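S.K.: Structure below; questions to follow.
Nothing in this text is a laboratory measurement; each read-out follows from the coordinates by a stated rule. The structure displayed is predicted, hence computed values, not measured ones. Every residue, glycine as well, gets a Cβ built from its backbone with ideal geometry; the counts of neighbours run over all protein chains shown.
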Amino acid sequence: MDSTKNTKAIVVYVDNKNKCIEEFSWLWKSWLMWGINEEWDLIAFTNPDALVVVESKFKHDNLHVISKKSLGKKDTEWEGYGFVNSFAMFDDPYGDVINKHYEYVLKTDCDTFLTKNFKELELDPHRTHVGVGMYYPIDSGIDSINTVRSNIIATSKALGLDYKNISHVGASMLGTTETVSSICKLQKTVTSTLLKYGWPPENNGDWPGWWKGTASMYGGEIAINHLLGPMNIIKGNVDVFCTDNHISSSDLHIHAWQVDENTMVFNKKKYHNGELQKNDGRELFKNKSFKSGDYCLMVATHKAHELKSLVKDFSN
């Protein structure tokens, strides 16, 4: 990584699971097809047991595969909570590596897709892009929503952190490396505290209410509220839905949502079960207007060289 010319990087964690490695290919292919790799490095912090597979399958000069053990090990504070891996790399010593080389980062998950709008993106150092999270869905009932919100606010207060009413924060963050790194470090600290004290022993709560499984999402919301303000964020153009919504000129990045299987045009559970068939990439490009779910299915089911050919053939 010392020889990199890019000052921007996309950062993910790849675990030793076939599904995770397959999902990483979606991000990797969309990174290549639009030439985003010419401006942004892709850093894959990878479970050591998957290192050889990832290095051989996704080889590229601007892809940096870094071995990092999963924190969700037995008899540790993170036992059974692998979600921490998606942001723990910004803590020392790995955070120093990222901060040393890059001015801007996108911290995201493997099951995501970049759009052509990411290419030549102009970034404002004073504003951070965040996704929309659905960890207390609006259709879960007012009592459930109020419980989650009141617990988040109470946790912020107990930790001496500011809360500025920025809610429904997504998993992905795009901004200066310093800002994203600070958010992720605080998110890790808050998540650790929540896992220890946020629920009674042997009680994980209930989804979609106050639920231990989304502790890291609560931690992210708390961290962003303390470190940023409403005027310092751009919300909703990362972690975009993968349904029948058209990709707008402001949509940068799509997440493989599973909130409602019936409305998601691209549902990763169905994809992994072999229920989704390869669509016609040429026909989609001819229309020049992609529905988000169709775009995700195209990237997932086409090979990288096919996608690059489609971009080349229909670039004019």
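S.K.: Compute the convex hull volume of the Cα atoms of region 2-147, divide it by the residue count, and report the result per residue in Å³ as a whole number.
M.R.: With only Cα atoms used, region 2-147 gives 159 Å³ per residue.
S.K.: Net charge near Ser289, counting Lys/Arg +1 and Asp/Glu -1 over other residues with Cβ under 15 Å of its Cβ?
M.R.: Neighbour charge sum, excluding Ser289 itself: 0.
S.K.: To the nearest 10 degrees, how steep is helix 18-33 against the longest Cα principal axis of the chain, on a 0 to 90 scale?
M.R.: For 18-33 against the chain, the angle is about 60 degrees.
S.K.: Could you go through region 91-96 in sequence order and give the Karplus-derived ³J(HN,Hα) for each residue, using 6.51 cos²θ - 1.76 cosθ + 1.60 with θ = phi - 60°, rounded to whole Hz, and x for Gly and Pro?
M.R.: Taking θ as phi minus 60°, the curve returns 7, 4, x, 5, x, 5 Hz for region 91-96.
S.K.: Where nothing but the Cβ of Lys and Arg (+1) and of Asp and Glu (-1) is charged, how large is the charge dipole of region 10-78 around its Cα centre, in debye to the nearest 20?
M.R.: About 280 debye.
S.K.: Here is a further query. Which is the longest run of the chain containing none of the trypsin sites (Lys or Arg not before Pro) found in DSSP loop states (not H, G, I, E, B) with at most 10 other C-beta atoms within 10 Å?
M.R.: Result, exposed sites excluded: 75-287.
S.K.: Treat the count of other C-beta atoms within 10 Å as a stand-in for reagent exposure and order Thr189, Thr112 from fewest to most.
M.R.: With the sparsest Cβ surroundings first, the list reads Thr189, Thr112.
S.K.: Still on this model: Helix-only mean residue ellipticity at 222 nm, the chain, DSSP H runs n ≥ 4 weighted -39,500 (n - 2.57), per residue, nearest 500. What is it?
M.R.: After summing the helix terms and dividing by residue count, I get -11000 deg cm²/dmol.
S.K.: Also, quick follow-up: By a straight-distance test (C-alpha under 15 Å), which aspartates and glutamates pair with Lys69 as possible cross-link partners, with residues fewer than eight away in the same chain excluded?
M.R.: List returned: Asp15, Asp49, Glu77, Glu79, Asp91, Asp92.
S.K.: Got a sec? How would Met89, Met173, Met298 order by Cβ neighbour count within 10 Å, fewest to most?
M.R.: Met89, Met298, Met173
S.K.: So which of Lys188/Lys288; Lys73/Lys308; Lys29/Lys73; Lys185/Lys312; Lys73/Lys268; Lys8/Lys57 end up more than 32 Å apart, counting from Cα to Cα?
M.R.: Long pairs (Cα-Cα over 32 Å): Lys188/Lys288; Lys73/Lys308; Lys185/Lys312.
S.K.: Further, regarding this structure: Where both partners of a DSSP beta bridge lie in the chain, what percent of those bridges are antiparallel, to the nearest 5?
M.R.: 40 percent
S.K.: Could you work out how far helix 292-301 tilts from the main Cα principal axis of the chain, as a 0 to 90 degree angle to the nearest 10?
M.R.: Helix 292-301 and the main axis of the chain meet at about 70 degrees.
S.K.: Relative to the longest principal Cα axis of the chain, at what angle does helix 177-197 sit, 0 to 90 degrees, rounded to 10?
M.R.: The answer is roughly 50 degrees.
S.K.: For the chain, what log10 I(q)/I(0) values come out of the Debye formula at q = 0.15 1/Å, with one point per alpha carbon and no solvent?
M.R.: Log10 I(q)/I(0), no solvent term: -1.30.
S.K.: May I pose another question? What ³J(HN,Hα) values, in whole Hz, does the Karplus curve 6.51 cos²θ - 1.76 cosθ + 1.60 give for region 122-132 when θ = phi - 60°, with x put for Gly and Pro?
M.R.: Along region 122-132, the couplings run 8, 10, 9, x, 9, 10, 10, 7, 10, x, 9 Hz.
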